[in-house]
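Novice: My questions all concern the structure below.
The values are calculated or read from the model by the stated rules, or taken from the named source; none is laboratory data. Bear in mind the structure is a predicted one, so any value in this text is a computation, not a measurement. Heads up, the Cβs are rebuilt from the backbone with ideal geometry, glycines too, and the neighbour counts pull from every protein chain shown.
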Amino acid sequence: MDWNQSLNSLIIWADNRGYHVEFVKGGDDSICYISKLIIINSSSPLETQVIRLLHECGHALIFDNGSVFDFKGKRNYDENSVAHKVFTVIEEAEAWRRGKELSTRLNIPLDENIWERSMVKALKKHINWASDLKQKDEINED
């Protein structure tokens with residue numbers, strides 16, 4: 001597998017949508033919707049960079065194309081609220097799904113086991129963050 005070719009395909013895809021991809025040693029694998037900047041950790045192996053860039057492109061698809069969930073609605077809640085954190089976890093899962101679909105559209109072959117392990121590890125991290133007991137509950141629970 002030519003991971004450089006896959007990265008180039010994703011960079012072109014992002015560029016065509018107005019996003020700029022930067023590879024930063026120790027970068028945090030993130031996206032900024034305002035500046036349309038995607039940061040990818042260049043210290044990671046190339047396959048990992050492809051997987052993480054696919055995920056960040058999934059976020060771009062959510063932001064640009066919308067979703068069945070109103071992720072922008074999470075901004076109506078305090079960042080430490082249960083609601084905001086639940087919306088964030090849902091958005092993360094949706095970004096993984098859309099990133100996987102993008103890999104198919106761009107003919108980027110992925111090892112299913114590696115993709116799944118990466119997704120589960122990342123989602124577990126977000127679930128742990130969301131389950132922090134110090135959060136405000138702004139939604140009435142049934």
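Novice: Among (1) touching a strand residue (DSSP E or B) at 6+ places or on another chain (Cβ under 9 Å); (2) touching a residue at least 24 places away in the same chain (Cβ under 8 Å), which single condition is residue 17 missing?
Specialist: Checking residue 17 against (1) touching a strand residue (DSSP E or B) at 6+ places or on another chain (Cβ under 9 Å); (2) touching a residue at least 24 places away in the same chain (Cβ under 8 Å), the one that fails is (1).
Novice: For region 26-65, which positions are hydroxyl-bearing (Ser, Thr, Tyr) and in a loop (DSSP other than H, G, I, E, B)?
Specialist: Result: 33, 35, 42, 43, 44.
Novice: Another question about this same structure. Taking region 65-89, which residues are at pLDDT below 60 and exposed (fewer than 12 other Cβ atoms within 10 Å of the Cβ)?
Specialist: Across region 65-89, the qualifying residues are 68, 70.
Novice: Does any residue of region 9-20 turn out to be among the aliphatic types (A, V, I, L, M) and either outside any helix (DSSP H, G or I) or touching a Lys or Arg at 6+ places or on another chain (Cβ under 8 Å) (or both)?
Specialist: No, region 9-20 has no match at all.
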